[in-house]
Amino acid sequence: MQYGADYNPDQWPEEVWDEDVRLMREAGVTVVSLGIFAWSRLQPAEDVWDFAWLDRVLDTLHAGGIAVNLATATASPPPWVSATYPDTLPADESGASYWPGSRQHFAPSSPTYRRLAGELVRRLAERYVGHPAVVLWHVGNEYGCHLWMDFSDAARDAYRGWLRARYVEVDALNEAWGTTFWSQRYGSFDEIFPPRLAPYSHNPSSMLDWRRFTSDMLLECYLMEREILLAAGATQPITTNFMGPFKPADYRRWAPHMDVIADDCYPDPANPHRVRDAAFQRDLVRSLKPGTPWILMEQATDAVNWRPANPGKAPGVLAAESAQSIGRGADGIMFFQWRQSRAGSEKFHSAMLPHTGTDTRVWREVSALGERLAALPALPAPGRDARVALVFDWENWWALEERDHPVDIEYLPIVVAWYGALHRLGIPVDIVPAEQIDDGYDLVLAPALYLLRAEGAAALTTFVGGGGTLLAGPFTDVVDEHDQFRPGGFLTQLGPVLGVRFEDFAALGRSSGGAMGVGALSVVDTGGEAETVRFDLDGVTVTGSLHAEVVHPVGAQVVSTFADGRSAGAPAVTRHRSGAGEAWYVATMPDADGVAALTAMLVEASGARPLVPDLPAGVEVARRGDVVTLINHTDAGVQLTLTGTDLESGVDADTWALTPQQVVFVRVPASAPHPPAPTQNRTHP
Ligand code: GAL
């Protein structure tokens, strides 16, 4: 288990470095991410290079037994780059430049940026590939974090090249984008621009490609640096730090190029759903490279500086949130940053070593965690522990949140709501695209799969045919990979499995307030209440929102019908036996109670089982191999039933009493707590 933080010794006089290493050892630090923002120190002018200080830092760390995750330092170009090469600067939608003075002020597709960054990486790589302290390479930093869309001329040129490579013939693009609409037909790739400021909505198919392109430009920057590192002979693993469910970058496409997945996660202490949301993020990054541990590359020890209000973490939360990552597959726990900065935008951000020193609660918690992790026995790799999958897909996210739909929908709250119901029950879940669904799962939830590729539909169909249970939510199977309707209506691929025929989306409006027209097709939202509908589920009155779709059963059994609204009497929930499995459809977005009730029914129908029975609220359970992590996130003591051995103390028990924020790692017998194979549910006797 690695333990450490970002380390920015360039912000401090050299006298501090020895003390840093001494205190790192005291805190149990094993590794630091070094020099992430050090470009201006390494190359103070175009033809001036200074590696001597970095040599000394690396040697000092190595002598102290601290390993290094060496950064390529390309995330914040020095002022001379911006002043000499304005073509490295990104532009906004209107063409206005972003300027230096902060960080990430580079156009990812700028050839000049890439040339300069590439040269820095080459020199760093050639100098340090063989340094014994370097165990990992940290490429860039949080690609796209602040700026993920660049509309500059460099982006324009790269976009044209990217489209040319994708479509070869411009008429193939015309077809994919449906450009006969509104006279958008292109005569050549050179007529295409990024979606800069326009009078009204951009072509949605073009926006989907633009999203793919912007994600790919960031990925190209990463890949360029990776290639340089490999060419220089780097044998250490290479990574960059992800940001969980980060919309601009399709991490699914990045993951194969990462030797180890690294993720930054900053749960908001004021968020009542903090534990659920962070668990979702950790399961998502774990699912990016199934079967391999990942690294929590950054978290805060206490408060951050970048929210409007920045409360600190309650005592014990630091360890509990770290354990959440470990339980969900992390083999490294790291922070931003080692020593709190004295200057700059992040001087109020917490660190392992606070500005107020070591006689602090943060330091004591940091050191206690370091000591505990150092003694923790090795954990098994996270394997195929989950029998439930939640379908999550970046392209779908992008297309779903485009404008001009029956109703505006936010994707993340929907998938996280369904994840939350499983999390509450303590049921392990993988978060994967539809194409990755196979018969290793018992239950698959696809709550909002607007863009459904043929391969994904085929995988879901095979899954149900083979005995799996599928839930599809509203606004699913609507468009193809170009954001175009498929011929023949909606639910054209999943309809037969679901046993329903789709008639109408029946979007729900706003019951009061509404919108005021200011010009043709322009609106000012005056913020009325969203319209809802009701239906009954096992005695629970559920409220539905967004849609109350009109679907007709074609073989499906109607579980519940809409009780009110324009779709009253139409099925709200259906279930359909198909092959050896079963497919459910819910024609609206249920409220939290509805999601919980439906999840319980699906869990029952599919044979998926919780890791421990009757999990108390606020208590978390996660599994990696034969180790189950129990975390009490509440302020009260709790008792849990689980047969196993405390990994740290060696004590055997069947029940576990956990104090507030307490964490226990329990090794369970190989057969438990997975339920007996749920074959009886697979045949639907
Ligand atoms: C991350 C970033 C770090 C630091 C941190 C503060 O987004 O990678 O460099 O800024 O946030 O929370």
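The values are calculated or read from the model by the stated rules, or taken from the named source; none is laboratory data. Worth saying up front: this structure is predicted, and the values here are computed from it rather than measured. We place every Cβ from the backbone using ideal geometry, glycine too, and count neighbours over all the protein chains shown. We work out accessible area using only protein heavy atoms, side chains counted, and drop any ligands, DNA or RNA first. Shrake-Rupley method; radii C 1.70, N 1.55, O 1.52, S 1.80 Å.
Laid out as a table, the results:
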{"item": "Contour excess over end-to-end distance, with Cα ends at residue 166 and residue 600 and 0.36 nm allotted per residue", "result": "151.9 nm"}
{"item": "Dimensionless Rg over Rh [the stretch 388-606; C-alpha; Kirkwood]", "result": "0.96"}
{"item": "Lysines with Cα under 21 Å of residue 247, excluding same-chain neighbours fewer than 8 positions away", "result": "289"}
{"item": "Average silhouette area of the chain, convex hull of alpha-carbon atoms, in square nanometres", "result": "31.2"}
{"item": "Fraction of accessible area attributable to carbon and sulfur, the stretch 388-606 (%, probe 1.4 Å)", "result": "53"}
{"item": "Sparse-neighbourhood loop sites, chymotrypsin sites (Phe, Trp or Tyr not before Pro) in the stretch 229-304 - DSSP loop, at most 15 other Cβ within 10 angstrom", "result": "none"}
{"item": "Helix-only mean residue ellipticity at 222 nm for the chain, each DSSP H run of n ≥ 4 adding -39500 (n - 2.57), per residue, nearest 500", "result": "-9000 deg cm²/dmol"}
{"item": "Cβ-based charge dipole, the chain, positive-most Cα from 355, 242, 650", "result": "650"}
{"item": "Probe 1.4 Å, all protein chains present, accessible-area order of 160, 253, 25, largest first", "result": "25, 253, 160"}
{"item": "Whole-number percent relative contact order across the stretch 388-606, with pairs defined as alpha carbons under 8 Å at least 6 apart", "result": "20"}
{"item": "The chain: antiparallel DSSP beta bridges as a percent of all, rounded to 5", "result": "55"}
{"item": "Solvent-accessible area, 1.4 Å probe, carbon plus sulfur percent, for the stretch 120-159", "result": "49"}
{"item": "Residue-span extension gain [residue 529 to residue 646] - 0.36 nm each, minus C-alpha spacing", "result": "37.0 nm"}
{"item": "Percent accessible area from carbon and sulfur atoms, the stretch 17-79, protein chains only, probe 1.4 Å", "result": "51"}
{"item": "Solvent exposure, largest accessible area first (probe 1.4 Å, DNA, RNA and ligands not counted), of 257, 105", "result": "257, 105"}
{"item": "1.4 Å probe accessible area per residue over the chain, in Å²", "result": "38"}
{"item": "Length gained when the stretch residue 636-residue 84 is fully extended (0.36 nm per residue, less Cα-Cα span)", "result": "192.8 nm"}
{"item": "Sparsely packed trypsin sites (Lys or Arg not before Pro) within the stretch 275-348, loop by DSSP, other Cβ within 10 Å at most 14", "result": "342, 347"}
